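Right, one structure below, let's go through it.
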Amino acid sequence: MAAMNVNDFVSTASFPWAFRLAYVGNMFREPLLKVVEERWRLSRPEWTVLLCVMIREGIISKDIWELTGQPRNSISRGVISLEKRGLVRRTPSSHDKRQVALHPTAEGARVFGEIEPLFVQREGAYLSCLTGEELTQFQTILTKLSDHISSVPEPQE
């Protein structure tokens with residue numbers, strides 16, 4: 001039996017764009033997260049924290065859960081676990097002493113350096129079907145959508 005084509009599947013859905021975006025994100029991320037968990041024993045929240053700390057040293061936990069949409073308590077547990085494992089360290093924030101800034105340790109940077117190429121390689125493989133012009137358009141569209149998200153109201157219960 002042939003695998004179901006996601007585009008055929010969502011052709012009659014009432015929200016096909018959201019489904020496709022989730023599909024692409026899930027198909028990119030989930031296999032990598034499985035490898036990260038099995039090989040480096042990092043949970044999703046731990047990897048999220050390490051990734052964010054490596055992108056922006058000194059980031060605070062609040063910024064991580066706001067940027068990723070992951071639950072606050074999951075990010076908090078991720079920070080605690082990474083600190084216990086010696087992959088991140090906490091310092092008082094230079095902007096607000098009530099906040100704690102997160103920094104990678106040398107070991108955290110080393111672990112990240114082992115994992116990062118897997119994500120870079122997979123991203124390259126995913127985007128290889130796009131021409132240079134399409135890639136530029138795609139980046140423009142993603143930036144526009146990302147910038148717009150904060151103005152969309154949260155759903156009501």
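The values are calculated or read from the model by the stated rules, or taken from the named source; none is laboratory data. Predicted model only: the values in this text are computed from it and were never measured. For neighbour counting, all protein chains shown are included, and Cβ atoms are generated from backbone atoms with ideal geometry for every residue, glycine included.
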Problem - Matching residues in the stretch 15-51 - criterion: being of a type in the set (Lys, Arg) and either touching a residue at least 60 places away in the same chain (Cβ under 8 Å) or not in a helix (DSSP H, G or I) (or both) - result: Arg41
Exercise for the section: Can you give me the number of residues within the stretch 71-119 that are in contact with a His (Cβ under 9 Å, 6 or more places away or on another chain) and either surrounded by 12 or more Cβ atoms within 10 Å (Cβ to Cβ) or within 24 Å of Lys34 (Cα to Cα) (or both)? Expected result: 4
Problem - Check on Glu30, at pLDDT 95 or above, among the charged types (D, E, K, R), under 13 Å from the mean Cα position of the chain (by Cα) and buried (at least 16 other Cβ atoms within 10 Å of the Cβ) - result: no
